[in-house]
Amino acid sequence: MSGDALFPRDPVTLGPGAVHLPGWLSIEQQRALVDACRAWARGPVPLRHTALPGGGVMSVRTVCLGWHWLPYRYSRTADDVNGAEVAAVPHWLVELGRSALVSAYGEQYEASGYTPDAALVNFYDGAARMGMHQDKEERSDAPVVSLSIGDSCIFRFGNAENRGRPHTDVELQSGDLFVFGGPSRFIYHGVPKVYPGTGDPATGMSGGRLNITLRETGLAG
Ligand code: MD3
Ligand code: FE
């Protein structure tokens, strides 16, 4: 059972700057984020499978706020979907990101300097995967905040050199926070497996997994 209070999971630091805080989001916060993701998925840019330059499509479906990510750049407009300007990152989501950094790094962390200007919402059905990759399109080395809701998954935390070993597999459950800062910002990572049917329907999701990442792009304008 995900997020079961009888079996609390402890915070874990996986590497320098990489902190996993299980069960960080309350069920009410998760439900509110699910509602927000539903609205973002309706437009101005729809949730879509990102087309890759090689001709394939990603199995994950994504909608972006603030800046639209496409292989391999950011744009204010969804140039590979419908050309529309993406919705703004709401201020409450910026505040949630700041509070995530304080939880992960401690009260002394100067979170007011963190202003994520892009949010990527990824939806995984039971068959979706994300291959090992680095996120390198950002011009900022600010931390990435990752929030997971719905079905559990295996998250693979790799190394900074290549897609292979060494890596550490971590189960991410609904409500988990993961922060990737410092040297961990540039590690290879991926999602090799989702476990269908493991999410709590109280989140408002009947199936699948949502992951929201907050990023500072370091881009101007
Ligand atoms: C470590 N998403 O959108 S979140 C992605 O669960 C992405 O949807 C996965 O990888 C997901 O790019 C993993 C965790 C994550 C996100 C971004 C990172 C870890 C990261 C950027 C740098 C280092
Ligand atoms: Fe990534």
On the basis of being more than 12 Å from ligand 2 (Cβ to nearest atom), in contact with a strand residue (DSSP E or B) (Cβ under 6 Å, 6 or more places away or on another chain) and either at pLDDT below 95 or farther than 20 Å from R98 by Cα (or both), does S148 make the cut? no
Of the residues E85, E95, which is more than 26 Å from P183 (Cβ to Cβ) and in contact (Cβ under 8 Å) with a residue 12 or more places away in the chain? E85
Applying the selection to segment 26-64, what residues are more than 23 Å from P192 (Cβ to Cβ), assigned to a loop (DSSP other than H, G, I, E, B) and among the hydrophobic types (A, V, I, L, M, F, W, C)? V45
So for segment 205-212 (the condition being in contact (Cβ under 8 Å) with a residue 40 or more places away in the chain, more than 25 Å from T77 (Cβ to Cβ) and not in a loop (DSSP other than H, G, I, E, B)), does at least one residue qualify? yes
Kindly list, by first and then second residue, each pair from a residue in segment 40-55 that is charged (D, E, K, R) to a residue that is part of a strand (DSSP E or B), limited to pairs with Cβ atoms under 8 Å and residues at least 6 apart or on different chains. R48/R61; R48/T62; R48/V63
Assess whether R129 counts as being within 14 Å of the chain's Cα centre (by Cα) and surrounded by fewer than 18 Cβ atoms within 10 Å (Cβ to Cβ). yes
Out of (1) open to solvent by less than 40 Å² (accessible area, probe 1.4 Å); (2) closer than 30 Å to A220 by Cβ, what's the single condition that is false for H20? (2)
Take the conditions open to solvent by less than 10 Å² (accessible area, probe 1.4 Å) and either in contact with a Phe, Trp or Tyr (Cβ under 9 Å, 6 or more places away or on another chain) or touching a residue at least 12 places away in the same chain (Cβ under 8 Å) (or both) and apply them to T62. Does it pass? yes
Considering segment 65-94 alone, what residues qualify as being open to solvent by less than 30 Å² (accessible area, probe 1.4 Å) and part of a strand (DSSP E or B)? L65, H68, L70, Y74, S75
Conditions (1) of a type outside the set (G, A, S); (2) surrounded by 14 or more Cβ atoms within 10 Å (Cβ to Cβ); (3) more than 10 Å from ligand 1 (Cβ to nearest atom) -> P143 fails only (3)
Test S152 against the criterion of being surrounded by fewer than 21 Cβ atoms within 10 Å (Cβ to Cβ), more than 10 Å from ligand 1 (Cβ to nearest atom) and of a type in the set (S, T, Y), and give yes or no. no
Within segment 145-196, can you find the residues that are in contact with a Cys (Cβ under 9 Å, 6 or more places away or on another chain) and assigned to a strand (DSSP E or B)? I149, E171, L172, V191, P192, K193, V194, Y195
Give segment 99-122 a look and list any residue that's in contact (Cβ under 8 Å) with a residue 24 or more places away in the chain, touching a Phe, Trp or Tyr at 6+ places or on another chain (Cβ under 7 Å) and either open to solvent by 20 Å² or more (accessible area, probe 1.4 Å) or within 16 Å of ligand 2 (Cβ to nearest atom) (or both), or say none. S103, D117, A118, L120, V121
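The values are calculated or read from the model by the stated rules, or taken from the named source; none is laboratory data. Given the structure is predicted, the values throughout are model-derived calculations rather than measurements. Every residue, glycine as well, gets a Cβ built from its backbone with ideal geometry; the counts of neighbours run over all protein chains shown. Quick note on the areas: whole protein, heavy atoms, side chains included, nothing else; ligands and nucleic acids left out. Shrake-Rupley method; radii C 1.70, N 1.55, O 1.52, S 1.80 Å.
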